[in-house]
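Undergrad: Following this message is one structure expressed as structure tokens.
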Amino acid sequence: MTQPFPFSAIVGQEEMKQAMILTAIDPGIGGVLVFGDRGTGKSTAVRALAALLPPIHAVASCPVNSASLDKCPEWAHLTSTEIVTRPTPVVDLPLGVTEDRVVGALDIEKALTSGEKAFEPGLLARANRGYLYIDEVNLLEDHIVDLLLDVAQSGENVVEREGLSIRHPARFVLVGSGNPEEGELRPQLLDRFGLSVEVASPKDIDTRIEVIRRRDTYETDYDVFMEKWRPADAALRDRILAAREHLKAMESSDDVLRDCAELCLALGSDGLRGELTLLKAARALAAFEGDTKVTREHVRHVAPSALRHRLRRDPLDEAGSTTRVARVVDEVLGEPA
Amino acid sequence: MSLPDNSVWTRVEVGLNALAVDPAGLGGLWLRARSGPVRDRVTEALGALPLPLKRLHPSIGDEQLFGGIDLTATLSSGKLVERAGILAEPAILVLPMAERTQPGLAARLAGAIDQGTGHCLIALDEGAEPGESLPEALTDRLALHVDLDALPYGETDRIVLDEAALAEARARLREVRAAAKVLEDLTLLAARLGVHSLRAPMLALRTARALAAIAGNEEVEVDDLTAAVELVLAPRATQFPEEEQDEAPDQDPPPPEPEPEQGDQDEGEGETQSLEDLPLQDILLEAAKATLPADLLAMLAAKKANRGAGGNSGAGAKRKGNRRGRPIPSRRGRLDTGSRLDVISTLRAAAPWQTIRRQESRFERSLHIRTDDFRIRRFEEKSDRLLIFVVDASGSAAMTRLAEAKGAVEILLAEAYARRDHVALVAFRNDGAELLLPPTRSLVQTKRRLAALPGGGGTPLASGLKVAMEVALQSKGRGMTPTVALMTDGRANIALDGSANRALAAEDATRMATAIRLQGFPSMVIDMGQRPERSLKALADTLGAPYIPLPRADANRLSSAVTAALDA
């Protein structure tokens, strides 16, 4: 079994990597949306992240990866309390997936062969406590998007169909990727993503060569390459774990809260989700960098990712939202020190 | 491995050899050709590839791909019988009618290729129009792109792959090394050809390796590289490496510095490197240029329009158009991924037979269900609307009219989230019409495309209607419901053939209008002139469309008038 391409070996795309690390530190940030061209390493980064994340402890054979038996849903009829270590689940949600596959449905096989009314868990169950990855999220069918919105909001999947009445926890980090030229996302779904990043093919020829070189070494000299990058990945994992600890004791002063609020006000973002995400992301960044206090610089650093997708659409604005955020950040927080 | 006569067919042969050496590494082959003897010659040779051949079809379900329960066997034997999916083992996946591939299948196949489990996809693309083709998610991952559409049978030959020699080459493949410079050159060349995806140079490198293994080289050599560039990079080119657009292939390539584009990309170190490697770069560039089709730019324009229009190639218009709709009575059918069993109706269908089946059956079961009892839920699908603006860009008022039309398009798109409408824009002026904005819902794309609009000249009304009808027909095929909104202020004065003949122009316009009406596309005519134009009223009648006089309309009034007419 070959391991995915190591996360640390991904060249460039710093903002995307940072956003993914931040959600790994604090899943409460609520997901990453990666928009950009093909072949820019979007899928690679998500798969690499899965391999990087620390494993979780879960009840063996629990369909929703519960941490202890009392949290397992009763419909699973589990009795064993054996706890196993499994990798953080990263579940792919393919386009054209049916509603049954997403939320789960009556287990037809059991119903027909043994006449038993049983629930067959769907992708949402498998993604609990992990990641749900949607490639081409902007092309996802509407009714699936509605489902996801609902579950991402409540953290619980409720199935009421075919005589089944079942609920189970479904807390996951949404990771979406797509190409904005092929269609845009509804503001409601955009808002559910904590952070959003824009990626582009590297323009600099040396970077491009480096990308190809590493990929080539990964393929032709797998063992040596993995050996080389394993320490870096391990160090990153330790840093993420340390940051999770750090996060609990993180202080955020009133000044920082005020900064967040003022930024969101100035940008006219809807609701309070913007402020909350901005603060959480800034805290996670501070924790990752080993600081004990959130500062204005942390806020400045994460502001584009946290706010870019929350602006009101202005059909007459020619400049991209990234420019708008950057401008407002400079106005509100002052020029970078 | 050099190509003596540089013909398409030789390239096909070389490509198949490379594919036989490293099927999984190269991802596969995108073969654009109609079904026929030429294509058959290629598919016959596939038997020599080192993996089992498996045939897919564009509407294949998950169960067949990934495996699942064999329902018929399960029901008849009374115990669970599972069936392995096609993707369970490495295989050469042959996908005929690849242009019909839905984005969902494309995503699954792309995933299968990405996982490196050894799959290799042969996409047989039979697309007739530039707009119909394999989704980009897949073309990007398949190393070899071959277009055989224009190739006569006489220029083809039987392809014989030497299986023994290829097996040896496969054994040597892992030993083949590539110099660091090779890698840099491929990347550089890809950038110069405007190939942005980084998968392309990677695939070119693997192809070169495979070719080197065939030639018995220990290291990738110039010939291998040249062939790889021709096979992988040249078909993906989106720009000529030089600024001159109609550069003849046999001209000497100028050194790389004079190109502004190149200069930008080659900051610092890159520049010196490319100068050092000038000979190799030159050879590769020459190879790429020799295979670039002369009408590259036209083809690119078509491709781009396709990308915007979404075609079957991944913009997902069709899926969005076919949302789950109102449920309608269920019907007998087969159970596969796309369908949902209506349990109650299935039981109801099986109920009358229970006594008989119980007597016949060897099993003790409370319920006897056969596959033909299955009732499948069905939903009536509702399509998305497509609004095609046909805007008169002729005469003096062209600029204002175009600007207002553009504003209206943007307002409609901004509201489109609620209604999920798509918008397209056709402008006509001088002697023809142009699809300025292919059907889209993307505000980003609209802005990019409508940034500069040309105006002035005659009024080729018929051409405008013709383009609009083509767009409407295409989008209808993708499950949308098109509506044509014509905005003009004057009479047709240019005929379909481009001649300035008022009578003929009017006649052509009427003919096109009748054709649109016969196709059953709803339409509306918006008269933006100062005074109502009688001929437009007549045209509206021919179209069976409402006639809306709207002098000096601005974007807001336009969009509300259009919305009102649509909802009426």
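Undergrad: Taking the Cβ of residue B:464 as the centre, find all other residues whose Cβ is under 12 Å away and add up their charges (Lys, Arg: +1; Asp, Glu: -1).
TA: Net local charge, residue B:464 excluded: -3.
Undergrad: Taking the Cβ-Cβ separation of residue B:114 and residue A:150 as r and a Förster radius of 45 Å, what is the calculated FRET efficiency to the nearest 0.05?
TA: E between residue B:114 and residue A:150, to the nearest 0.05, is 0.90.
Undergrad: Using alpha-carbon pairs under 8 Å, 6+ residues apart, how would you state the relative contact order of the stretch B:384-567 in percent?
TA: Result for the stretch B:384-567 is 23 percent.
Undergrad: Taking the Cα of residue B:55, stepping 7 Å toward and past its beta carbon, and measuring to each backbone N in the stretch B:81-96: which are under 16 Å?
TA: B:86, B:92-96
Undergrad: Okay, next question. Summarise the partner chain shielding of A:196-208 as one whole number: the mean count of Cβ atoms from other chains within 10 Å of each residue's Cβ.
TA: Averaged over the peptide's residues, the number is 5.
Undergrad: Now, a different point. Helix-only estimate, please: 222 nm mean residue ellipticity of chain A, summing -39500 (n - 2.57) across DSSP H runs of length 4 or more and dividing by its residues, to the nearest 500.
TA: -14500 deg cm²/dmol
Undergrad: Tell me the Kirkwood radius of the stretch B:384-567: reciprocal of the mean inverse pair distance over distinct alpha-carbon atoms, in Å.
TA: Evaluated over the stretch B:384-567, this radius sits at 15.8 Å.
Undergrad: In percent, how large is the relative contact order of chain A, given Cα pairs closer than 8 Å and 6 or more residues apart?
TA: This gives 21 percent for chain A.
Undergrad: Once both axes come from the Cα atoms, what is the angle between helix A:14-25 and the longest principal axis of chain A, in degrees from 0 to 90, rounded to 10?
TA: Taking the Cα atoms of chain A, the angle to A:14-25 is about 50 degrees.
Undergrad: Further question on the same structure: Ranked from highest to lowest mean number of other Cβ atoms within 10 Å per residue, what is the order of the peptides A:322-330, A:194-202?
TA: Numbers: A:322-330: 16.9, A:194-202: 21.7.
The packing order, highest mean first, is A:194-202, A:322-330.
Undergrad: Listed highest first by mean packing, meaning other Cβ atoms within 10 Å per residue, what order do A:7-14, A:19-26, A:40-47 come in?
TA: In descending order of packing, they fall as A:19-26, A:40-47, A:7-14.
Undergrad: Distances over 38 Å make up what percent of all Cα-Cα pairs in chain A?
TA: 19
Undergrad: Same structure again: Per-residue mean of other chain beta-carbon atoms within 10 angstrom of the beta-carbon, peptide A:212-223?
TA: Averaged over the peptide's residues, the number is 4.
Undergrad: Can you list the trypsin sites (Lys or Arg not before Pro) in the stretch A:173-277 that are in a DSSP coil and have 12 or fewer other beta carbons within 10 angstrom?
TA: Qualifying residues, ordered by number: A:203.
Undergrad: What FRET efficiency comes out for residue B:564 versus residue A:257 if R0 is 51 angstrom and r is the Cβ-Cβ distance? Round to the nearest 0.05. Numbers along the way, then the final one.
TA: Numbers: r = 47 Å, r/R0 = 0.92.
Calculated transfer efficiency: 0.60.
Undergrad: A further question follows. Rounded if a/c is under 1.5, else prolate if a/b is larger than b/c, else oblate: which is the stretch B:508-568, with a ≥ b ≥ c the root eigenvalues of its Cα gyration tensor?
TA: Oblate, since a/c reaches 1.5 and b/c is not below a/b.
Undergrad: Still on this structure, please answer the following. Amide H to amide H under 5 Å from residue B:385: which residues, 5+ apart in sequence or cross-chain, H placed 1.01 Å off N in plane?
TA: Amide H neighbours of residue B:385, under 5 Å, 5+ apart: B:422, B:481.
Undergrad: Is the stretch A:254-333 rounded, prolate or oblate when judged by the Cα gyration tensor, a ≥ b ≥ c being the square roots of its eigenvalues, rounded requiring a/c under 1.5 and prolate requiring a/b larger than b/c?
TA: Prolate.
Undergrad: Taking R0 as 22 Å, what FRET efficiency do you get between residue B:161 and residue B:219 from their Cβ-Cβ distance, rounded to the nearest 0.05?
TA: 0.35
Undergrad: Taking a virtual spin label 7 Å from the Cα of residue B:238 along the C-beta vector, which residues in the stretch A:19-44 bring their backbone nitrogen under 12 Å of it?
TA: Only A:37-40 fall inside the zone, counting backbone N under 12 Å.
Undergrad: Another question, then. Give, as a single signed number, the net charge of other residues whose beta carbon lies under 9 Å from the beta carbon of residue A:10, with Lys and Arg counted +1 and Asp and Glu -1. All intermediate terms of the calculation are to be shown ahead of the outcome.
TA: Working: positive: A:17, A:214; negative: none.
So the environment of residue A:10 carries a net charge of +2.
Undergrad: Right, another one. Work out the mean other chain Cβ neighbour count within 10 Å for the residues of B:182-191 and drop it here as an integer.
TA: 4
Undergrad: List the pairs from A:17/A:293; A:42/A:203; A:42/A:280 whose alpha-carbon separation is above 18 Å, in the order I gave them.
TA: Beyond 18 Å between Cα atoms: A:17/A:293; A:42/A:280.
Undergrad: Once you list every other residue whose beta carbon is under 15 Å from the beta carbon of residue B:550, what net charge do they have if Lys and Arg are +1 and Asp and Glu are -1? Could the numbers behind the result be given before it?
TA: Values: positive: B:401, B:531, B:537, B:552, B:557; negative: B:392, B:404, B:489, B:527, B:533, B:554.
After counting each charged neighbour, the total is -1.
Bear in mind these aren't lab numbers, they're just calculated from the coordinates by the rules spelled out. Here the structure is a predicted model, which is why all the values come from computation and not from measurement. Cβ atoms come from the backbone with ideal geometry, glycine included; neighbour counts cover every protein chain shown.
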